[in-house]
Amino acid sequence: MKWKLCVAGIVSVAMKIESMGYGLHGHDLYIRVCTCSESDINVNIDILKERLDSLLSNLDHKPLWEIVGGEGKIEDLLKYLNDNLKIDNLCEIEAKMPDREVYLYIQR
């Protein structure tokens, strides 16, 4: 059996992506992170949720580029989460807003 264990949260961030012509603006982002396993689930879902919530609380209502680096694009956020979640078998991170969805698939 294959298993996929996911948790989610919402964060409000300020964005300013000058290379794309966007001035300062805000977005509420739905974030979902998943771990995958070919056998038994070896991640406690409560720990996964706690780690996600902790990282998102550090970002909430702040300029995204100041925390995650780069221009503060959604892609930068997903890389930041991947680097900082410290969860075994992380396989997918997604960010959604009303008109966009961005996915990061992680192969380990």
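The values are calculated or read from the model by the stated rules, or taken from the named source; none is laboratory data. Being a predicted model, the structure only gives us computed values, none of them experimental. In this analysis, Cβ positions are derived from the backbone assuming ideal geometry, glycine residues included, and neighbour counts consider all displayed protein chains.
How many residues does segment 77-102 hold that are surrounded by 12 or more Cβ atoms within 10 Å (Cβ to Cβ) and free of Cβ contacts under 8 Å to residues at least 60 places away in the same chain?
Number of matching residues: 11.
Which residue pairs have Cβ atoms under 6 Å apart, sit 6 or more places apart or on different chains, and have a first residue in segment 51-76 that is aliphatic (A, V, I, L, M) and a second that is part of a helix (DSSP H, G or I) and crowded, with 19+ Cβ neighbours inside 10 Å?
ILE67/LEU59; VAL68/LEU77; VAL68/TYR80
Which one of LYS49, LYS62, LYS16 is within 19 Å of LEU104 (Cβ to Cβ) and of a type in the set (Lys, Arg)? Even if it seems obvious, please write down each step before you answer.
Numbers: LYS62 fails: within 19 Å of LEU104 (Cβ to Cβ); LYS16 fails: within 19 Å of LEU104 (Cβ to Cβ).
That would be LYS49, the only listed residue that is within 19 Å of LEU104 (Cβ to Cβ) and of a type in the set (Lys, Arg).
Give me the residue from segment 7-31 that is in contact with a Lys or Arg (Cβ under 7 Å, 6 or more places away or on another chain) and surrounded by fewer than 16 Cβ atoms within 10 Å (Cβ to Cβ) and, out of that set, modelled with the lowest pLDDT.
Selected residue: TYR22.
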